[in-house]
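Peer 1: The structure that follows is given in the form of structure tokens.
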Amino acid sequence: MKHILLLTLTAFSLMAADATGTWTGTLTKPGEEPGPAHLVLKQEGTKLFGTAGPNTGEQHEIKDGKAEDGKVTFEIPGENGTMKFVLKQEGEEIKGEVSRERDGQVQTATLAVTRSK
């Protein structure tokens, strides 16, 4: 019985999503062509650290990062407002919405990235 419980707990912990890694893909604003996206993330427990930007040459530190139960959230403060990321990790993919308030208007985009191998 102990062995079954141990195997079950081990299997469950292996299934838990870990957002650590380098992720590349696209950021798409409504009515525009997709642009590049590059994230370098490190997860420690439910805390998420790292950087995000369009490429390796332009990265911005993420703030208030959290990854729990497949939900990934963080912010990137900037001169034109704070970008808020509300994403969902499913295996080797992270997808979701990015929003920012600028000049009283809420701007949105979608992010879709996969873990680099």
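Derivation of every value follows stated rules applied to the coordinates shown; laboratory data play no part. This is a predicted model, so every value here is computed, not measured. When we count neighbours, we look across all protein chains shown, and the Cβ atoms used for this are built from the backbone with ideal geometry, even at glycine.
Peer 1: Around T24, under 11 Å between beta carbons, what's the net of Lys plus Arg minus Asp minus Glu among the other residues?
Peer 2: +2
Peer 1: Next up: Among the aspartates and glutamates, which fall within straight-line cross-link reach of K29, defined as a Cα-Cα distance under 18 Å, with same-chain neighbours fewer than 8 residues apart omitted?
Peer 2: Reachable aspartates and glutamates: E75, E97, E101, D103.
Peer 1: Residue-wise, which Karplus ³J(HN,Hα) couplings in Hz belong to the stretch 28-39, taking 6.51 cos²θ - 1.76 cosθ + 1.60, θ = phi - 60°, and x for glycine or proline?
Peer 2: Running phi through 6.51 cos²θ - 1.76 cosθ + 1.60 with θ = phi - 60° gives 10, 8, x, x, 10, 5, x, x, x, 9, 9, 10 Hz.
Peer 1: Skipping prolines and chain starts, which residues have an amide H placed within reach, meaning under 5 Å, of the one on E101, given they are 5 or more residues away or on another chain?
Peer 2: T82, Q107
Peer 1: Over the chain, what is the mean sequence separation of C-alpha contacts under 8 Å (at least six apart), divided by residue count, expressed as relative contact order in percent?
Peer 2: 22 percent
Peer 1: Further, regarding this structure: When the Kirkwood hydrodynamic radius is evaluated over all pairs of different C-alpha atoms of the chain, what value in angstrom, to one decimal, is obtained?
Peer 2: Kirkwood hydrodynamic radius for the chain: 15.1 Å.
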